[in-house]
1. If the requirement is being touching a residue at least 12 places away in the same chain (Cβ under 8 Å) and either of a type in the set (Lys, Arg) or closer than 20 Å to Thr292 by Cβ (or both), which of these qualifies: Val267, Val197?
2. Taking strands (runs of 3 or more DSSP E) that fall entirely within the stretch 84-147, which contain at least 3 residues that are under 23 Å from Ser384 (Cβ atoms), in the same structural domain as Glu71 (by TED's automatic domain parsing) and of a type in the set (A, V, I, L, M)?
3. Give the stretch 142-154 a look and list any residue that's out of contact with any His (no Cβ under 6 Å at 6 or more places or on another chain), at pLDDT 95 or above and within 17 Å of Ala101 (Cα to Cα), or say none.
4. Taking the stretch 276-315 as the search range and keeping residues that are hydrophobic (A, V, I, L, M, F, W, C), in contact with a Ser or Thr (Cβ under 8 Å, 6 or more places away or on another chain) and surrounded by fewer than 21 Cβ atoms within 10 Å (Cβ to Cβ), which one is nearest to Trp193 (Cα to Cα)?
5. Under the condition of being among the aromatic types (Phe, Trp, Tyr) and more than 25 Å from the chain's Cα centre (by Cα), which residue from the stretch 33-89 is nearest to Pro108 (Cα to Cα)?
6. Within the stretch 372-382, can one find any residue that is modelled with pLDDT of 95 or more, touching a strand residue (DSSP E or B) at 6+ places or on another chain (Cβ under 9 Å), over 30 Å from Ile270 (Cα atoms) and not hydroxyl-bearing (Ser, Thr, Tyr)?
7. Between Lys145, Lys211, which is more than 25 Å from Glu380 (Cβ to Cβ) and surrounded by fewer than 17 Cβ atoms within 10 Å (Cβ to Cβ)?
8. Which condition number does Asn192 fail, the rest of (1) under 25 Å from Ala300 (Cα atoms); (2) touching a helix residue (DSSP H, G or I) at 6+ places or on another chain (Cβ under 8 Å); (3) surrounded by fewer than 18 Cβ atoms within 10 Å (Cβ to Cβ) being met?
Amino acid sequence: MKLPHSLSTRREFIVTAAGALATASVSNVFAQGAGKIRVAVIGTGGRGCDLVRKLSTIESAEIVAVSDDYEPHLRNGARYAGKQAKTFSDYRKMLEQIKPAVVVVAVPLWLHYQVCCDALDSGADVFCEKTMTHSIEEGRKLAAKVRGSKQVFQVGLQRRANPIYNQARAMIETGMLGRITAARCQWHRNNNWRRPVPVERTHAKWNELEKRLNWRLYRKFSQGLMAELGSHQMDVINWMFDAAPSRVMATGGVDYWRDGREVADNVFCIYEYTLKPTHGEESRDPYTVRVTYSSLCNNAYEGASELIMGTRGTLFLTDKKGLLFLEKGADDVGWVKKDASGTNASIVTSGKTLGLTNDPWAFRGKPVEIDNEGGDDTREELVSFLHHVRDRDLQTICDVNIGLRNAATILIANEAIDARKTVEFPRDLRS
């Protein structure tokens, strides 16, 4: 959503945003369209089947085909898609015979570029799961192809469809956090990231099948934790800052799950961003903000979250809940009301209820809570994409340019880990 800079006060912005989102959500607007959009899904593994399930709940989407070259995955995809969907082990035959209007690409990362190109060549609009491409060079070529095609393209970074993150963007844009000074992101889990192989190790095809199912663990097919997890959170930072990083320092390794994998089981990064002062600051000189990112496979403390810190307040963000902590001594932002007893009362912004948590960390003060417990940002990103397809609007919530910037952001971190040195963000992709 483009933020209305002309609004005179922060309160006016919040009230306007609340009314707009509450009365005209993406889902409701799209449901008014006539006819169905013919959708095919390529890649029906875990994530692909999740997308199929979401699509099956969208009234204006008709799943006409699913494709996967691994029969168990194809069988699962067909079950979720419904009897009307045809099945194909060869996606190229599917594109030729079915000629879908929309193709959803959920194949392993190393195949993204070629499958997206083939789908675009077939004339389809394309939704591509993150990360957009396996390399920056592939990303540049795909971006050029999409721009030349005039077809609708969206990358699956679903936090851009989440009301919590849209609310956070509005808070930052309108100055509620003051001058942004630092950020911390993480995705911590406690599991080995392996999927079981349905044959004995002695089977002749065990090695081939193991690499197919656990492609995320091998460098030829995957870009590891940064691509599979860090892409989401670094996209949040790029979005909130409206900028790309200038450089990154990073380290990581296979230090716990020493089981033959080739990608790191832990990564730690420090990104530097150069931002311009806003919100009436006297100095107009650019300044540096540092963002830390970590991902673990042996400890799940605090899970996946982003922490954005400013001179007036701090935002703690997850996909289901957000917390705003105001700094002590910060001016009244003009939109937190107090009831007769003097305590802060709940309010509504962006169609979501904000209220004080009953169990805050005392030293951080009482946070304002942004709740999205019943939300489904994966479904909403698909709804938004189909809405853009219907309107022939190329400016999706995560278009090819955003996808390329995101890919470069996470890929330079992997480069920094491998080279053991600071890596600059490509200058041609900064604007």
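The values are calculated or read from the model by the stated rules, or taken from the named source; none is laboratory data. Note that the structure is predicted; figures quoted are calculated from it, not measured. No Cβ is skipped: glycine too gets one built from the backbone with ideal geometry, and neighbour counts run over all protein chains shown.
1. Val267
2. Details: elements: 86-88, 102-105, 125-129.
By residue number, 102-105.
3. Val146, Ser149, Gln151, Phe153, Gln154
4. The extreme case among them is Ala304.
5. Ranking the qualifying residues of the stretch 33-89, first place goes to Tyr70.
6. Yes, that holds for at least one residue.
7. Lys211
8. (2)
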